[in-house]
Amino acid sequence: MDIEIIVGSTLGSAEYVADELEALLSEQHKVIIHLNAEFSELKPHALWLICSSTHGAGDIPDNLQPFYQYLLEQQPDLSEISYAVIAIGSRSYDTFCGAGKKLDQQLEKLGAKRLKDRLEIDVDVDPVPEEPAVEWLNCWKNELI
């Protein structure tokens, strides 16, 4: 199975998580990391693994804004897509993991199939977000055939 890792990052945390997951998954799968994801570049039959921090007041990071805007404005049919979301944030904000939640909701609204429940990482509890992300992935990565 091909895996498209779509990254939304402001300070680099989501990028570090994506790199760790890519290292784990690339042993058995073709994995591509997208730091500036464009819808037209993503394979429709791949697993989309969204890894996003939250910026500002629950906002999508700047590098992922064009992708998110495309989903909102074009409303593509994503019924052939399977996905999973890793959301990174801080519970000290009312908009904890807001970007990941918005992305998850929009993908589902467009018909994509959620493969696993969204992982929400609180950086105040897990200052190295790669650790819970790897643990989460290890619990189910063998299901990807």
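Screening the candidates 60, 121 for the property of being under 14 Å from residue 6 (Cα atoms) and of a type in the set (Val, Ile, Thr) yields one hit, 60.
Considering each of 64, 107 in turn, give the residue that is under 14 Å from the mean Cα position of the chain (by Cα), more than 21 Å from residue 137 (Cα to Cα) and assigned to a helix (DSSP H, G or I). Lay out the reasoning, then the answer.
Numbers: 107 fails: more than 21 Å from residue 137 (Cα to Cα).
Just a single option satisfies the conditions, and that option is 64.
Entry remark, segment 1-43: residues being aliphatic (A, V, I, L, M), within 25 Å of residue 122 (Cβ to Cβ) and in a loop (DSSP other than H, G, I, E, B) number 3 in total. For segment 114-131, the set of residues classified as surrounded by 13 or more Cβ atoms within 10 Å (Cβ to Cβ) and charged (D, E, K, R) consists of 114, 116, 118, 120, 122, 126, 130, 131, listed by residue number.
Output the residue which, of all residues in segment 79-88 that are in contact with a strand residue (DSSP E or B) (Cβ under 7 Å, 6 or more places away or on another chain) and without any contact (Cβ under 8 Å) to a residue 40 or more places away in the chain, is surrounded by the fewest Cβ atoms within 10 Å (Cβ to Cβ). Steps first, answer last, please.
Of segment 79-88, the ones in contact with a strand residue (DSSP E or B) (Cβ under 7 Å, 6 or more places away or on another chain) are 81-88.
After this cut, where a residue has to be without any contact (Cβ under 8 Å) to a residue 40 or more places away in the chain as well, the list is 81-85, 87.
Details: 81: 22, 82: 18, 83: 22, 84: 21, 85: 27, 87: 25.
Taking the candidates together, the pick is 82.
Please find, within segment 54-78, the residue that is surrounded by the fewest Cβ atoms within 10 Å (Cβ to Cβ) out of those that are at pLDDT 95 or above and polar (S, T, N, Q). Among those that are at pLDDT 95 or above and polar (S, T, N, Q), it is 74.
Taking the condition within 28 Å of residue 72 (Cβ to Cβ) and either among the hydroxyl-bearing types (Ser, Thr, Tyr) or at pLDDT below 95 (or both), does residue 119 pass? No: the conditions fail for residue 119.
Evaluating residue 27 against the criteria (1) under 21 Å from residue 139 (Cβ atoms); (2) in contact (Cβ under 8 Å) with a residue 40 or more places away in the chain leaves one unmet condition, (2).
If you go through segment 1-12, how many residues are surrounded by 21 or more Cβ atoms within 10 Å (Cβ to Cβ) and of a type outside the set (A, V, I, L, M)?
Here is the first cut: in segment 1-12, the residues surrounded by 21 or more Cβ atoms within 10 Å (Cβ to Cβ) are 3-9.
Now drop any that are not of a type outside the set (A, V, I, L, M), which leaves 4, 8-9.
Residues flagged as surrounded by 21 or more Cβ atoms within 10 Å (Cβ to Cβ) and of a type outside the set (A, V, I, L, M) within segment 1-12 amount to 3.
Just wondering, is there one or more residues in segment 132-141 that are surrounded by 20 or more Cβ atoms within 10 Å (Cβ to Cβ), more than 23 Å from residue 1 (Cβ to Cβ) and either in contact with a Leu (Cβ under 7 Å, 6 or more places away or on another chain) or of a type outside the set (Val, Ile, Thr) (or both)? Within segment 132-141 (the criterion being surrounded by 20 or more Cβ atoms within 10 Å (Cβ to Cβ), more than 23 Å from residue 1 (Cβ to Cβ) and either in contact with a Leu (Cβ under 7 Å, 6 or more places away or on another chain) or of a type outside the set (Val, Ile, Thr) (or both)), the answer is no, since none of the residues qualifies. Residues in segment 89-100: is at least one in a strand (DSSP E or B), surrounded by 14 or more Cβ atoms within 10 Å (Cβ to Cβ), touching a residue at least 12 places away in the same chain (Cβ under 8 Å) and in contact with a Cys (Cβ under 8 Å, 6 or more places away or on another chain)? Taking every residue of segment 89-100 in turn, at least one turns out to be in a strand (DSSP E or B), surrounded by 14 or more Cβ atoms within 10 Å (Cβ to Cβ), touching a residue at least 12 places away in the same chain (Cβ under 8 Å) and in contact with a Cys (Cβ under 8 Å, 6 or more places away or on another chain).
The values are calculated or read from the model by the stated rules, or taken from the named source; none is laboratory data. As the structure is a prediction and not an experimental result, all values here were calculated from the model. Here Cβ is always computed from backbone atoms with ideal geometry, including for glycine, and neighbour counts include all displayed protein chains.
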